[in-house]
Amino acid sequence: MSDDPRELSISIRIAAPPDAVWRVMTERMAEWWCPKPWTVTLDDVDLRPGGRCAMTMRGPDGEVQPTDGLFLEVVPGVRFVTTDAVVRGADGRIAPRDPFMIGGWEIAPDGAGTRFTGWARHWSDEARQQHQDMGFTAGWTVVAEQLKALCEAA
């Protein structure tokens, strides 16, 4: 956890070893990424630094929320970090966008289990508040619980 006043975060303990949690985090992303009944389509997920991270979330009432960005950091078995501040253009070059956040999903050993932490860092107080008002804490907690259930059932 950070002392950054522009960060929002959640954390949960998962009763599964880190390697199992990492596999579910990275290989079954579509099953836990957004709170049900929402679903996600992984449009282009290239899990490496500089790789594209493009997804489309769909809500139960026909809502469509596309996201696009890049992976900034990928440390296998530890964390991946994305941002929407830049995208990879059609020509393959990186292009700027209006930023909303840098998001991180990380794990660490916690006794015989794993500590999962999801965090979002924002460029402004207003963006942080907007994300909180959108339901960050409730939504990301549901997502963490979905990840936990998948990991503990495996």
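Every number in this text was worked out from the coordinates using simple rules, so none of it is lab data. All values reported here derive from a predicted model rather than from experimental measurement. A quick note on method: Cβ atoms are made from the backbone with ideal geometry, for glycine too, and the neighbour counts reach across all protein chains shown.
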- In nm, to one decimal, how far is the modelled label at residue 30 from the one at residue 56, with both set 7 Å along Cα→Cβ? 1.3 nm
- Message: Which one, 86, 75, 24, has the greatest fluctuation when you compute a Gaussian network model over the chain with C-alpha springs under 10 angstrom?
- Response: 75
- Task: Take segment 7-153, drop everything but the C-alpha atoms, weight them equally and run the Debye formula without solvent; then report log10 I(q)/I(0) at 0.17, 0.18, 0.21 Å⁻¹ to two decimals.
- Result: -1.01, -1.13, -1.50
- Item | Whole-Hz couplings from phi, Karplus 6.51/-1.76/1.60, listed for segment 46-56; x for Gly and Pro | 10, 6, 7, x, x, x, 6, 10, 10, 9, 10
- Note on the structure: With only helices counted (DSSP H, runs n ≥ 4, each -39500 (n - 2.57)), the per-residue ellipticity at 222 nm for the chain, to the nearest 500, works out to -8000 deg cm²/dmol
- Each residue of segment 70-75 in order: what ³J(HN,Hα) in whole Hz does its phi give by Karplus 6.51 cos²θ - 1.76 cosθ + 1.60, θ = phi - 60°, with x for Gly and Pro? 10, 7, 8, 9, 9, 10
- Message: Defining a contact as two alpha carbons under 8 Å apart and six or more residues distant in sequence, what relative contact order in percent does the chain show?
- Response: 30 percent
- Query: With θ set to phi - 60° and the Karplus curve 6.51 cos²θ - 1.76 cosθ + 1.60, what are the ³J(HN,Hα) couplings of segment 100-109 in order, to the nearest whole Hz, using x for Gly and Pro?
  - Reply: 10, 7, 10, x, x, 10, 9, 10, 8, x
